[in-house]
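Beneath this line is the structure, given in structure tokens, with notes to follow.
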Amino acid sequence: MKKILALLAIGLLPFSAAAHGPAPQKVEKTITIDASPDKVWALVKDFGNWQKWHPAVESTKLETKKNEAGEEETLRLLTLKGGGTILENLKSLDEDSKQLKYGIIEGVLPVADYYSTISVKAADGGKSEVKWLGRFYRVYKLNPPIPPGQDDKSALDAVNGMYDTGLENLKKVAEGK
Amino acid sequence: MKHTIRIFSSFLVFLAFSLLAQANEAYITNQGENTVSVINLADHSIIATIAVGKAPVGVTASASLGRVYISNVDGHSVSVIDSKKYEVVDTIAIPGSPVGIALSPDSKTLYVADWNDNRVLAIDTADTEQRREVSIGKAPAGIVISQDGSKLYVANRDSNDLAIIDTQSLKILQRVATGEHPFGVTLGPDGKQLFVVNVYANSLSVINLDNLESRTIAVGEHPYCVTVSPDSRYAYVTNTQADTVSVLDLEQNKETAKIRVGGFPEGINYDASTNRIYVANWFDNSVSVIDASSHKHIQDIPTGKQSRAFGQFILNKTSH
């Protein structure tokens, strides 16, 4: 009973909005692909053409804009196959380490402050290893109770799904199967 | 003869290790597995992995109490670790989401910032039921206390300022504007300057505590935390989205080097006993070690999942 009262009391406290909650979530996926790192990297670094390998992406609109700091920034608007869009920005593209970094500005994924890196490394036997890492927060920014669809699990499921289906198909496309 | 020398050198090595038994230690919070990794800073071995509350983030260590305090943001608690036994000896319930955590210089008061309720709790370390609180700006993040214990400085991430609080009355004395989204803070070794990292502005604010004038120095992408060399010559800032540490020359007032470290570097501390800098890497589950004399990245120590180490995570065991 005490517990229930305590929970009720927490629910009654006034909250003011923060930019995001303090506990970020992480998704990390790797896949080995039987194709050269150069070939795989060519697909990954082509920021405006992920529809070539990601099965969830219908099309991409690429554009360059000045951001708030007055710097040129590369943006892409992904249109997804099931409908809906995601607006993303390219943060960096490093040819030496074959690593691309990007973030989500807004879109249909149930995540907040999403930041990601995807990199290609040489593996044994002329193969490649692709590593995709994401850091993000759930949509709901305050203490519980959390509305359905805005919790950690919804955010994790969405990103896990995006990485799993993407990497699986990247492997097929790069291996020419 | 050679054999004798070998035995003798082994003895010397043994002796050296015995003398180093009281090495400083780093307490690294691993948010993704609810543990703290304790690193021996003389030989970089992992001494212990301690289970704490859910989603540990912040750390503050007291040599005089032999205690290390860990804020568990999703556990809504603070875990108290005994630094001799390497085990949790107490858990303090914190209503809300504790992140920033710091001790008064005399270790009598523990300050804990509650991110979602926009307040800071002041807890008596001798009797944790005794607590006071102060309401401050939006999303209080990094906190630090002046060397004389009279003032508490709080970076308010979503109101873009630093609040200065009188620790006796718990009244806000002043607010100083910072860059956009201040997060990590540290006090300079002489206690006269305060360093605040501005996440969205990609900069470091250096605030002169005598006149509250501030200057900013540009750093890398999405910076989080800062530490300063004991001679106050250099500041080191973790750039989370560049996987680097910016070396800032505080005399020239600019960045002079970028050191590549692990993925998504967060907490950073300078260990004066070894002149090394330790950086917790959230993406790589490791701690990067930087040699402060050469500014070279010399080692990565595997820790636990999603290492953060937000705050003063080094326990000074050598000078006590």
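Bear in mind these aren't lab numbers, they're just calculated from the coordinates by the rules spelled out. In this text the structure is predicted, and so the values were computed from the model without any measurement. As a convention, Cβ positions derive from the backbone with ideal geometry for all residues, glycine included, and neighbour counts pool all protein chains shown.
Okay, here's what the table says:
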quantity: Over 24 Å between alpha carbons, listed pairs B:K84/B:K296; A:K52/A:K127; A:K29/A:K172; calculated: B:K84/B:K296
quantity: Cut-off 12 Å between beta-carbons: net charge of the residues surrounding B:D124, Lys and Arg +1, Asp and Glu -1; calculated: 0
quantity: Rg/Rh ratio calculated on Cα atoms of the protein assembly as shown (Kirkwood radius); calculated: 0.99
quantity: Dipole in debye (nearest 20) - chain A, about Cα centre, beta carbon charges: Lys, Arg +1; Asp, Glu -1; calculated: 500 debye
quantity: Total formal charge among the other residues, if their Cβ is under 15 angstrom from that of B:V206, Lys/Arg +1 and Asp/Glu -1; calculated: -2
quantity: Whole-number percent relative contact order across region B:209-309, with pairs defined as alpha carbons under 8 Å at least 6 apart; calculated: 19 percent
quantity: Loop trypsin sites (Lys or Arg not before Pro), region A:61-129 (other Cβ atoms within 10 Å of the site Cβ: 12 or fewer; DSSP); calculated: A:K81
quantity: Close Lys-Lys pairs in region B:135-275, where close means Cα under 27 Å and separation is 8 or more or interchain; calculated: 8
quantity: Alpha-carbon gyration tensor eigenvalues x 5, square-rooted, for chain B, Å; calculated: 31, 24, 18
quantity: Overall Cα dimensions of region B:133-181, principal axis frame, Å, largest first; calculated: 28, 20, 16
quantity: Relative contact order (percent, whole number), region B:23-315, Cα cutoff 8 Å, 6+ residue spacing; calculated: 14 percent
quantity: Lys, Arg +1 and Asp, Glu -1 on Cβ, resulting dipole of region A:111-177 about Cα centre, debye, nearest 20; calculated: 140 debye
quantity: P(r), alpha carbons of chain A - 5 Å bins starting at zero, rounded %; calculated: 1, 8, 14, 18, 17, 14, 10, 6, 4, 3, 2, 1, 0
quantity: Stretch in chain B that is longest and holds no trypsin sites (Lys or Arg not before Pro) that DSSP places in a loop and that have at most 10 other beta carbons within 10 Å; calculated: B:172-320
quantity: Value of relative contact order over region B:186-258, rounded to a whole percent, pairs C-alpha under 8 Å and six or more apart; calculated: 23 percent
quantity: Neighbourhood charge, 12 Å Cβ-Cβ cut-off, centred on B:D161 and excluding it, Lys, Arg +1 and Asp, Glu -1; calculated: +1
quantity: Region B:221-320 - charge dipole about Cα centre, Lys and Arg +1 at Cβ, Asp and Glu -1, debye rounded to 20; calculated: 180 debye
quantity: Rounded tilt (10° steps) of B:2-19 against the dominant C-alpha axis of chain B; calculated: 20 degrees
